[in-house]
Amino acid sequence: MKYLLQGSLQASGEKLRITAQLIDVTTGGYIWSQRFDRQAEDIFEVQTEVTGSIFTTLAGYDGQLSGAELEIVRRKPPDNLNAYETYLLGVRAKHQVTRESLAEAKRLFKKAIELDPSMARAYVALTYVYGYMLDLGIAPPEKILPKHREAAERAMAFDPNDGETHLAMGSAYAFNGEPERAMAEFTKPEQLAPNNADVLILIAWYLPSFGESQKAVGLADRAVLLNPLHPDWYKQGSRTSTSLEGSSRSLQDTPGRSRSRLHWTRRSKRCPGLTSESRRRHPKRPLK
C-alpha cells in the first residue's frame, strides 16, 4: 500500500464538518487534505457529494495521485519505467497540446501498450491524442480516423465496464458521422463513472452538437460540483456551446488551475453528425 486516505467527521447541530487527508505511507507525509462543511439535511446526499469530490480531486487527470506519482516517475531512468509510469509521462505530454507534445504522447502511449498490451487506459489516451490531431489539423482525417476508431475499439475490448472507454468509443462514432451510436455510448459513463468529473465535462462538450444542450448543462454543473477547483480546460470546453456558458454553476466564475489551452473549436467541423446551430458557434482558430 503506497497511500492512505483517512478522514474525520464532526457534527454540530445541523452542520457537518468532514476532513479528509491523503498520506504517503512510505514517508508519512501529507500529500493532500481538504475540509468539507455541509448541512446535515440529507446525510446520504452529503455522502455522495463528498465521496465524488474526493474521488475527482485524487484520481482526475490533474489529480493529487497522478501528480504525486509523476514526481516519482520523473526521477527514474527511462529504461526502468513500467507501463503505468510510461503512461503517466504520456498524459503529461498530452496535456501540453502542441504538435511536438502530441507526437511524444503518442509514442509514450504506444510504448506503454508494448509493455502491457491489455492496458485499456493507454488506448483511451491514444483516442484523445488522435482527436486533438483531428481538431488541430495536424494530420488528414483519412489517416487519423481509422486509428482513432481502432484505439477506441481496443479500449472497449479490454475494459468494457469503464465509463471512459465508452466516452472514447462515443467520440469515435461522432467523428465518423454516427450520432445515434455516439449518443448511446455517451449515456453509459453516467452510470459507470458518475463521480468522474473529467469524463462528465468531456461528454458535456459533445452533447450540444447533438441537440442535447440542456443535458450538457446538467453534466457540466455536476462536474463543477464534484471538482470546484477544476483546471482551466473545463472552461475551454464550456465555450463550445453558449448553453454551457449559462450553467448555474458558471465555469467562468469558478476558480481553476492553469493548463495549456485546448482547441475544441474545430470539433464541430470534424464530426459529421453535428447540428448546423452548433457549427455556427465554432469559428476556426489557428494552432499556436
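Annotations for the structure displayed:
- Rule-of-thumb Rg ratio for segment 94-179 [Cα; 2.2 N^0.38 Å; N residues]: 1.01
- Surface share of carbon and sulfur [accessible, 1.4 angstrom probe, percent] for segment 87-237: 50 percent
- Subset of Lys111/Lys143; Lys94/Lys143; Lys110/Lys215; Lys143/Lys215; Lys110/Lys143 violating a 29 Å alpha-carbon distance limit: Lys110/Lys215; Lys143/Lys215
- Charges were assigned to the Cβ only: +1 to each Lys and Arg, -1 to each Asp and Glu. The resulting dipole of segment 124-244 about its Cα centre is roughly 180 debye.
- Within the shell of other residues whose beta carbon sits under 10 angstrom from the beta carbon of Arg17, the net charge comes to +2, with Lys and Arg scored +1 and Asp and Glu -1.
- Probing with 1.4 Å while keeping every protein chain in the model, the per residue accessible area of segment 116-227 equals 35 Å².
The values are calculated or read from the model by the stated rules, or taken from the named source; none is laboratory data. Given the structure is predicted, the values throughout are model-derived calculations rather than measurements. Because the Cβ atoms are built from the backbone with ideal geometry, glycine has one as well, and the counts that use them run over all protein chains shown. For accessibility, only protein heavy atoms count, side chains too; no ligands or nucleic acids. Shrake-Rupley method; radii C 1.70, N 1.55, O 1.52, S 1.80 Å.
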